[in-house]
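Right, one structure below, let's go through it.
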2 protein chains.
Amino acid sequence: MKPTPQSAQAKTLDRSQVVAEALHLVNQEGFDRLTMRNLAARLGVVPMALYRHVTNKEELIDAVFELALSDIKLPDPDLTWRPGLDALARAIRELLLEHPPLAVEVVGRPTLGPASLRIAEYGYRVMRTSGFSDIDTNGGINTLVTYVIGFTALEVPRRHSVGANPPPDLSKLQSLYADLPADQFPHTVQLQPQVEGLVTPEQFDHGLTTLLDGLEHRLQDSKNAASQCR
Amino acid sequence: MKPTPQSAQAKTLDRSQVVAEALHLVNQEGFDRLTMRNLAARLGVVPMALYRHVTNKEELIDAVFELALSDIKLPDPDLTWRPGLDALARAIRELLLEHPPLAVEVVGRPTLGPASLRIAEYGYRVMRTSGFSDIDTNGGINTLVTYVIGFTALEVPRRHSVGANPPPDLSKLQSLYADLPADQFPHTVQLQPQVEGLVTPEQFDHGLTTLLDGLEHRLQDSKNAASQCR
DNA sequence: ACCTGAACACCGTTCAAGT
DNA sequence: ACCTGAACACCGTTCAAGT
C-alpha cells in the first residue's frame, strides 16, 4: 500500500516544525541568535535543509511573528467600547510580554497577517457599534495599538534582559540620576522618586486611562454635534 | 615649537568624525549597512583603525543616537503645558523623520544620554509649572514620548523605504484589503477608505489630540479634588 | 600614539550534487 | 522530493606587529 503524502515519512522536516522551533529559539536565546545555522543545529539538520520549507530568513521571521500573534486571546466581542478596548490593550500587552524579544522587534515591522487583522477588526467592531465615527474609529485603534506596542517595546529592555543583552542594572540608573546637575535638570532631579521605577504596570494603566479618556471626550463631542443638528 | 594636541596632525582620525560619518552612512544606506568595515572604507581607513576611537560597535551606535538626538529644537520653555507638549511632540517627531532608520531602531534601545534627558526635562517643566501632580507629570511624559516614538517607528517603514528595504507597495496593500473575506472582517472592509492611507500626519494629530485631551481631563480632576478639600 | 594585516569564529545564501 | 557539502561574499573582533 502506497503511503499517503501526509501520513508517511514521520522523520521528515515540516514547515510548522521549523517555525515553531524558531519561536522557541528566539524566546530562549534572543532575537539575534536566530540564525539559519543555529536553528538548523537545533533541528538536527544541515543549514540548507531549512530552505526547502522557507524561502529565506525574512519569510521565516514573518512566520514566527504570525505564529506568536495568532495566540492572542481576544476579549468578549459584545463588550462596549471602553471595557472592550481596555481588555484588548491588555491582551496585546500580555501576549507581547510572553515573547519579549518579539515585543521589541515588532516595531518597525509592518505585520499585516491574519492575526493582526483579527486584532484590528475587534477594535473596529467595539468602537463602531458604540457610536464612534469611522474617522475616530480608525484613528482610535491606530493610537491604541501604537501606544501598547510602543510602551511594551520600551518596557521590555528595561525590565527583562533580552537574550544576551545587559541586565537591567537599576543601580547604575540610580547613580545616573544622583549625578545629574540640579541646575540644568531641576525637574528631573525633583521627580527622581517617580522616574526611578522607570517603566511600571501602573504607568501603562496611567497612559491607557489617559488615552481612553481622550476617546471618551471625542465620543461626547460627536454626540453633542449630532444632537445640535436635530 | 611643539604642536599642541588639538592643532597638530590634521590628517588623523578623530572620534567625532567617525560618529558623524556613521550617522551619514545610516541615513544614506540604512541601519544594517552600518558595519565597521563599510564605515572604515568610507573613511579611507582599515577596519581596525576605528577601534582606536570607539570601544566596539555597540558604543558607536549609542554615540550615533546621541549625536542625532542632540540636534532637537526644543520649544519655548515658557509655554503652558498644552502648547508646550504639543510642540515637544512635533519636535521629536520631526527629528526622527530626519533620520528614518534611527526612528525605527530607537525603540527597544533605552537612550539615556544628555539629549534624552533634556527632552524629558522640558516636558517635566511645562507640566509641573502648569499644576500637574508629580505622578501625572511622570506618567504623562512617559505616555507622550511612547506615543510619538511608537507612532513614528510604525510610520516610517510604511512611508519611506528604509535603506534597501522594500518600497511602500501601496497597490499590494489595496489588493490585500480587496481580498479580505467580508464575513470575517466586516468592519475592516467597511473602514477600508479610512485604513488605506495607513499612516498619515492627520492620524498623528488625531492621537496626539486624544492624548492631550486625556491629560487635560486629569488636570481638571486634580484641580476639582483640590478645591473640594478647601 | 595611532594605524595595519592576518587570522578566528561567525553570518545568509547559491549551486551542483547526492539519495 | 528532500537533504547534503563545499563554496562565496560577507560579519565583529583579537592579537601581534608595524611606524
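Find the percent of Cα-Cα distances in the protein assembly as shown that exceed 40 Å, and round it to a whole number.
Numbers: 27331 of 105570 pairs.
I get 26 percent for the Cα pairs in the protein assembly as shown exceeding 40 Å.
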For chain B, with a Gaussian network of springs between Cα atoms less than 10 Å apart, report the residue from B:Phe65, B:Phe185, B:Phe151 with the top mean-square fluctuation. B:Phe185
Charge dipole of chain B about the Cα centre (unit charges at C-beta), most positive-ward option of B:His53, B:Gly84, B:Ile135: B:His53
Tell me which trypsin sites (Lys or Arg not before Pro) from region B:1-110 have a DSSP coil assignment and no more than 10 other beta carbons within 10 Å of their own. B:Lys11, B:Lys73
Where is the GNM fluctuation largest for chain B (alpha-carbon springs, 10 angstrom cutoff): B:Glu58, B:Glu98, B:Glu155? B:Glu58
Would you compute the Debye intensity of region A:1-127 from its alpha-carbon atoms alone, equal scatterers and no solvent, and pass along log10 I(q)/I(0) at q = 0.12 Å⁻¹ to two decimals? -0.56
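One quarter of the convex hull surface, Cα atoms only: what value does that give for chain A in nm²? If you can, show how the numbers build up before the last one.
Numbers: hull surface 77.3 nm².
Projected over every direction and averaged, the Cα hull of chain A covers 19.3 nm².
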At each listed q (0.16 Å⁻¹), what is the log10 of I(q)/I(0) that the Debye formula gives for region B:5-67 modelled as equal alpha-carbon point scatterers? -0.47
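For a distance above 16 Å, tell me the whole-number percent of Cα pairs in region A:44-105 that qualify. Show your work: numbers first, answer last.
Details: 1113 of 1891 pairs.
So the pairs more than 16 Å apart make up 59 percent of the total in region A:44-105.
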For the protein assembly as shown: lysine pairs under 22 Å (alpha-carbon distance), excluding those fewer than 8 apart on one chain: 4
What does the copy distance list look like for B:Ala182, label position 7 Å along Cα→Cβ, in nm and ordered from shortest? 6.8
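Throughout, read-outs are computed from the coordinates displayed, never taken from laboratory work. The structure presented is a predicted model; accordingly, all values stated were derived computationally and were not measured. Glycine also receives a Cβ, built like all others from the backbone with ideal geometry; neighbour counts cover every protein chain displayed.
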